[in-house]
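Data first, discussion second: the structure below is written as structure tokens.
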Amino acid sequence: MTLSGALMSSAIISWKSSGRLQQTIRRCVEVSGKGLHSGNESTVRLSPEYAQKGRYFDFHSKYSIPASIDFAQQNSPLCTTLSADRFKVRTVEHLLSALEATGIDNCKIQIFNNNVDSEEDDCDFEIPILDGSAKQWVEAIEKAGLVVAVDESGNSCERMAPYLNEPVYVCKNDSFVAAIPSPNVRLTYGIDFSKVCAIGCQWFSLAPLDDSFYVKQIASSRTFCIYEEVEQMRNIGLIKGGTLQNAIVCSASKGWLNPPLRFPDEPCRHKILDLIGDLSLFARLGNQGLPVAHIIAYKGGHALHADFVCRLNDLLKK
């Protein structure tokens with residue numbers, strides 16, 4: 001079955017075949033850990049889902065939030081948060097990055113807060129940070145395996161991808177996310193921490209993006225922070241679950257506090273990991289979220305990534 005007729009295109013964005021069928025996870029798999037910001041323990045269960053259902057978060061089998069930019073919460077510091085009604089799920093970016101990059105197009109994601117007794121009080125969730133990267137998510141996906149997804153009638157569905165026909169960009173001060181037409185997905189990211197010499201200015205680029213490159217070169221890159229900013233973040237209720245085991249920490253004066261790095265440019269690679277997770281929110285009906293374009297970001301963050309996806313969303317309506 002082709003879904004090209006069911007997807008809205010515009011002069012700037014066209015949905016075209018990606019050359020493969022929609023997929024889902026072969027069997028259920030669970031991963032447990034602590035949330036970076038809440039510090040709470042939770043378990044995430046990934047389950048197979050029908051084609052065209054996409055990726056979504058399921059709560060108590062009664063409520064759900066699609067992994068879509070339409071449900072991204074504004075003013076979500078240091079992470080990407082999805083919310084609907086009274087339900088909220090924080091720090092979704094690493095899990096969604098792994099699902100998008102490994103080709104899990106359709107997936108039911110359930111989260112169980114450990115040590116919470118009442119369902120009525122159980123409405124604020126956070127995805128476990130694990131080791132600060134997407135490595136354990138990829139390992140769980142590989143353990144479970146992938147399979148072609150079928151719809152409720154038993155038919156497979158073509159996986160469509162959004163192709164960019166004209167340049168698109170968003171910016172804020174000296175930060176930007178821009179995309180230019182390209183025959184395949186290319187990602188380039190730049191960061192600049194001039195006051196933190198051990199990080200400094202870094203650039204990383206990859207083309208084309210495939211699951212093998214992602215697994216070997218991107219997935220294991222960990223989130224990072226500046227040591228001198230830790231107390232400030234904790235004072236506003238963030239990183240309650242942060243440790244030297246789930247982030248790499250760099251001091252402006254002393255350098256890396258928990259070496260070794262997995263890559264010399266690990267911070268920049270992690271920004272690409274985050275970008276993939278945030279761009280996956282453009283996905284719909286089990287199709288590819290990452291735009292087929294050369295996407296270039298500089299000094300970005302989750303908020304600017306979300307602004308870019310919102311811009312793409314708006315362009316579909318023109």
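Descriptive notes on the structure:
- L312 vs. criteria within 15 Å of the chain's Cα centre (by Cα), part of a helix (DSSP H, G or I) and not small (G, A, S): no
- Among residues of the range 123-148 that are open to solvent by 20 Å² or more (accessible area, probe 1.4 Å), those with a Cβ under 7 angstrom from a residue that is small (G, A, S) and modelled with pLDDT of 95 or more, sequence gap 6+ or separate chain, pair up as L130/G33; K135/A219; K135/S220; L146/G103; V148/S156.
- When each of Q52, Q22 is tested for being out of contact with any Phe, Trp or Tyr (no Cβ under 8 Å at 6 or more places or on another chain), open to solvent by 10 Å² or more (accessible area, probe 1.4 Å) and in contact (Cβ under 8 Å) with a residue 12 or more places away in the chain, the lone residue that passes is Q52.
- Per-region count, the range 167-192, residues open to solvent by 60 Å² or more (accessible area, probe 1.4 Å) and in contact with a Ser or Thr (Cβ under 9 Å, 6 or more places away or on another chain): 1
- Sole exception among (1) surrounded by fewer than 23 Cβ atoms within 10 Å (Cβ to Cβ); (2) closer than 30 Å to P162 by Cα for I276, by number: (1)
- Of all residues in the range 55-77 being hydrophobic (A, V, I, L, M, F, W, C) and more than 15 Å from D105 (Cα to Cα), the one that is surrounded by the fewest Cβ atoms within 10 Å (Cβ to Cβ): F71
- Leading residue by the ranking (least open to solvent (accessible area, probe 1.4 Å)) among those in the range 214-251 that are farther than 29 Å from A140 by Cβ and free of Cβ contacts under 8 Å to residues at least 12 places away in the same chain: E229
- The strands (runs of 3 or more DSSP E) found entirely in the range 1-84 that carry 3 or more residues being among the aromatic types (F, W, Y) are 55-59.
- For the range 7-20, the criterion of being within 18 Å of the chain's Cα centre (by Cα) and polar (S, T, N, Q) is met by no residue.
The values are calculated or read from the model by the stated rules, or taken from the named source; none is laboratory data. Just so you know, these numbers come straight off a predicted model, no measurement behind them. Methodologically, a virtual Cβ is constructed for each residue, glycine included, from the backbone with ideal geometry; neighbour enumeration extends over all protein chains shown. Protein only, heavy atoms only, side chains kept; ligands, DNA and RNA dropped before computing areas. Shrake-Rupley method; radii C 1.70, N 1.55, O 1.52, S 1.80 Å.
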